[in-house]
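Report on the following structure.
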Amino acid sequence: MGITQVYGTDVILFNNTANGPAKLGIGVTPTAQLHTAAGTTSVAPVNLTKGSLLAVPVDGAIESDGTHLYWTDGGISRQQLDQQSTLGDTTFVGRYTFQVAQSSTSAVYTYAVPDNNVTDIYVRGMMASSEDANPFAAEVYAFTLASRKATFNAAIVRDSTEIKNYLTETTATVSVQLSGQNVVVVAQADATAAATDFDITINLNTAPGYATGILANAYFGAGLQAGVTNIVYIYSFYGDGMSTGTNLGTARKAPGACHSATVGYWGGGYTTTYVGNVDKYTFITNAVAAGTSLVTLRAYLCGFNSTTTGYFAGGTNASIQDKVERYIFATNAISYGTNLISARGYSGSCHSSTKGYVFGGAWIGEKDNIDKYTFSTDNVAAATALSASRRSCAACNSSTIGYLGAGQLSGVNTKTTVKFTFATDAQAAGTDLTVARFYLGAANSTTVGYWGGGIIPPAQAVVDKYTFSNDSVAAGTSLTVALTELAACNTSFS
């Protein structure tokens, strides 16, 4: 039976209790209460004729005014579903997402909210090219919400946790520390508000000389799981969140890693043979691209970096290596630097603002050597040796101290740490990590070091957090899946 026209009445399909809910199929055998056939190049499966929005939103309503698509949720709040256009140099991604590329000076972005109900503004930042050595130190963003009505409600939310109570003011200016995750400005007009009743003005205010990048993460990548892997786990410094990033281009174990302020670099490693591949991981977009390959194919190498250059050092292939390859971040150019004093692999490494440091390692026995690589001159010098030889360890750093942790001492797993003061080369015992293991990775924020993964055996997912200010160690959020023979890096020059 076909019904071509029905005038002046409602058409209702009643449930048949014996056969379950009534279902209506249009061009298809229905499996839902309303089911349409697939669209074609000339016929859409559903077409909403544009019209006026409901004066009073109704739960479950789907509407279009010809410009935007809306859905009303169970809280009787109309939500705009479609992606927004751009505003100046602000990019909207998804629903009102500000992805701001901001210089070291203040800027203001204003958006006139087009809807009279709840609107979420997601704010994400990108690193400025003029960043200084500590771009995350004291960034305070002021959110100014200016209403054209008498009052409105607003809240500032970070990682689903409200950090500023709801406000009812004609103009609300809220200063909030953005620590590294998306921040949501939730602005809600009253139910009788007309469209565009209030603006959201976002003042990105930072101290002069500070960039407004807000990413603050560690990236643990590549290594061994069931086999060699290209997985990347992202550890948020603020909130201890763990998520999975974009896979690297090359699955391998035992690479080295370093980073600029905006990109992480994994180089070398072993698949079924030694490789020189370099993968570039852009932090703000999670995009992965191939970099320039290392000249010397090798695994079990280490990485460190200045603000402009990454350094891949040591390692092993058919023979042990002392070579250091320099990777220029701006041009992706590769060249040899000065060799390490002692050829070795399985070392830990970190950096100060002026030097890279290679700690311990192994080749025909464990090593106690510490090599210092001066960035400005490519000079390599020996520091005072470690008090005990150590291999398969990992290192990270604050601005003044390098922290070497875990690995093996005389073939025995250790959880001990060593603190190396950059200014004096002095060494002191640090606080033990929670688990003795080797083949792990390490990264750091400006205040905390993170050691992740490794093997006892079995392989480990443990992440240890080492607070630099008081030498305390606590368990962080574990990696999603145990990972060993990995490498790690982090956002910012830290």
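Of the residues that make up segment 249-263, is at least one free of Cβ contacts under 8 Å to residues at least 60 places away in the same chain and more than 21 Å from N332 (Cβ to Cβ)? Explain how you work it out, then say what you get.
Of all residues in segment 249-263, those free of Cβ contacts under 8 Å to residues at least 60 places away in the same chain come to 249-252.
Those still in the list that are more than 21 Å from N332 (Cβ to Cβ) too: 251.
For segment 249-263, residues free of Cβ contacts under 8 Å to residues at least 60 places away in the same chain and more than 21 Å from N332 (Cβ to Cβ): present.
Of everything in segment 416-435, what is of a type outside the set (V, I, T), free of Cβ contacts under 8 Å to residues at least 60 places away in the same chain, surrounded by 18 or more Cβ atoms within 10 Å (Cβ to Cβ) and assigned to a loop (DSSP other than H, G, I, E, B)? Give them in sequence order.
The answer is G430, L433.
Just checking, which of L479, L404 is modelled with pLDDT of 95 or more and either of a type in the set (F, W, Y) or part of a loop (DSSP other than H, G, I, E, B) (or both)?
L479
In this structure, does G345 turn out to be surrounded by 19 or more Cβ atoms within 10 Å (Cβ to Cβ), under 21 Å from G249 (Cα atoms), in contact with a Phe, Trp or Tyr (Cβ under 8 Å, 6 or more places away or on another chain) and touching a residue at least 12 places away in the same chain (Cβ under 8 Å)?
Taking the combined requirement at face value, the residue does not satisfy it.
Considering only strands (runs of 3 or more DSSP E) fully contained in segment 313-356, which possess at least 1 residues that are at pLDDT 95 or above, under 31 Å from the mean Cα position of the chain (by Cα) and over 16 Å from T296 (Cβ atoms)?
Counting at least 1 such residues, we get 324-328, 348-351.
When segment 452-472 is examined, which residues are found to be over 20 Å from V228 (Cα atoms) and within 23 Å of the chain's Cα centre (by Cα)?
If the condition is that a residue be over 20 Å from V228 (Cα atoms) and within 23 Å of the chain's Cα centre (by Cα), then V463, D464, K465, Y466, T467, F468 are the ones that fit.
Across segment 397-416, what is the total count of residues that are over 27 Å from the mean Cα position of the chain (by Cα) and under 16 Å from C350 (Cβ atoms)?
Selection size over segment 397-416: 0.
So that you can scan it fast, the table gives a plain yes or no per residue for (1) of a type outside the set (V, I, T); (2) in contact with a Leu (Cβ under 6 Å, 6 or more places away or on another chain); (3) surrounded by fewer than 20 Cβ atoms within 10 Å (Cβ to Cβ); (4) closer than 13 Å to G356 by Cα:
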residue	(1), (2), (3), (4)
Y265	yes, no, no, no
T272	no, no, yes, no
D279	yes, yes, no, no
V295	no, no, yes, no
A299	yes, no, no, no
F304	yes, no, no, yes
G310	yes, no, no, yes
N332	yes, no, yes, no
S335	yes, no, yes, no
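Yes or no: D279 out of contact with any Phe, Trp or Tyr (no Cβ under 7 Å at 6 or more places or on another chain), touching a residue at least 12 places away in the same chain (Cβ under 8 Å) and acidic (D, E)? Can you show your working first?
Details: out of contact with any Phe, Trp or Tyr (no Cβ under 7 Å at 6 or more places or on another chain): no; touching a residue at least 12 places away in the same chain (Cβ under 8 Å): yes; acidic (D, E): yes.
So D279 fails the test.
Do you know which of the residues in segment 269-306 that are part of a strand (DSSP E or B), within 26 Å of the chain's Cα centre (by Cα) and hydroxyl-bearing (S, T, Y) is nearest to G223 (Cα to Cα)?
Checking each candidate, the answer is Y270.
Have a look at P30, P45 and point out the one that is surrounded by 10 or more Cβ atoms within 10 Å (Cβ to Cβ), modelled with pLDDT of 80 or more and under 39 Å from the mean Cα position of the chain (by Cα).
Criteria check complete, one pass: P45.
Counting only residues that are among the β-branched types (V, I, T) and either part of a loop (DSSP other than H, G, I, E, B) or outside the structural domain of S347 (by TED's automatic domain parsing) (or both), how many does segment 362-401 have?
Within segment 362-401, residues that are among the β-branched types (V, I, T) and either part of a loop (DSSP other than H, G, I, E, B) or outside the structural domain of S347 (by TED's automatic domain parsing) (or both) number 4.
The values are calculated or read from the model by the stated rules, or taken from the named source; none is laboratory data. Note that the structure is a prediction, hence the values are computed from the model and not measured. Because the Cβ atoms are built from the backbone with ideal geometry, glycine has one as well, and the counts that use them run over all protein chains shown.
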